[in-house]
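Inspection log for the structure reproduced underneath, given as structure tokens.
The values are calculated or read from the model by the stated rules, or taken from the named source; none is laboratory data. Here the structure is a predicted model, which is why all the values come from computation and not from measurement. With ideal geometry, Cβ positions are generated from the backbone for all residues, glycine too; neighbour counts draw on all protein chains shown.
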Amino acid sequence: MRILPAQPEDVAKLLAFREEAAAWLSRLGTDQWQRPYPADKLLETIKAGTVFMVVDVDVTAATITLTPDAEDGLWTERELTEPSLFINKLTVARTHAGQNVGGRLLDWAGGRAYRAGAKWLRLDAWTTNEDLQAYYLNRGFEHVRTVLEGGAVNGGPRVSGWLAQRLTRPTIHDFTDETPAPAPLS
């Protein structure tokens, strides 16, 4: 499997990929990702070079966004001074479930963050999705806290405020990495 940067022409494919994940999550009983993701926002992150895809032959097996930008209102000022990269939208195709693609992708992200000079690989997860939280804990992340207030809509409840982090380190992930070298964090 290869990992490569997403391109603008991948927007429709990645939106469909997210819809597949949302349907699967709904069948599991969670409301995570039930609102459609805006295509223009996805295109913006692709153009910024922060969206990556795992491709197995010609099939998209997984995707992840890895960015130096934290979502507003989640991390403290002190935490934001620590060099970190943030994971968003980690998704694995159902066709590749159970093959540790997500775990390997987390390792790839941790290694990339390490090479960029980050101390931490951080994420925020859905506050009501305990299975997802357990998934990250089982992959070496430590729960920092859960932020329940200050959501994007009128400062209401936050739906993705379960915060976790793990130290970055060199890793083995077994992907053929076709991404450019990460930009160093300043």
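Here is a yes/no grid of residues against (1) part of a helix (DSSP H, G or I); (2) modelled with pLDDT of 95 or more; (3) surrounded by fewer than 16 Cβ atoms within 10 Å (Cβ to Cβ); (4) among the polar types (S, T, N, Q):
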site	(1), (2), (3), (4)
98	no, no, yes, no
104	yes, yes, no, no
131	yes, no, yes, no
153	no, no, yes, no
160	no, no, no, yes
166	no, yes, no, no
186	no, no, yes, yes
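Could you please let me know if residue 109 is touching a Phe, Trp or Tyr at 6+ places or on another chain (Cβ under 8 Å) and of a type in the set (A, V, I, L, M, F, W, C)?
no
Please identify the pairs in which a residue from region 74-94 that is farther than 15 Å from residue 14 by Cβ has its Cβ atom under 6 Å from the Cβ atom of a residue that is assigned to a helix (DSSP H, G or I) and among the small types (Gly, Ala, Ser), counting only partners at least 6 apart or on another chain.
Final answer for the pair search is 85/113; 87/109.
Does region 129-149 contain any residue that is in contact with a Pro (Cβ under 7 Å, 6 or more places away or on another chain) and at negative phi?
yes
From 119, 47, grab the single residue that is of a type in the set (Lys, Arg) and in contact with a Ser or Thr (Cβ under 8 Å, 6 or more places away or on another chain).
After applying the criteria, what remains is 119.
From the residues in region 168-184 that are loosely packed, with under 14 Cβ neighbours inside 10 Å and among the β-branched types (Val, Ile, Thr), which one is modelled with the highest pLDDT?
Result: 176.
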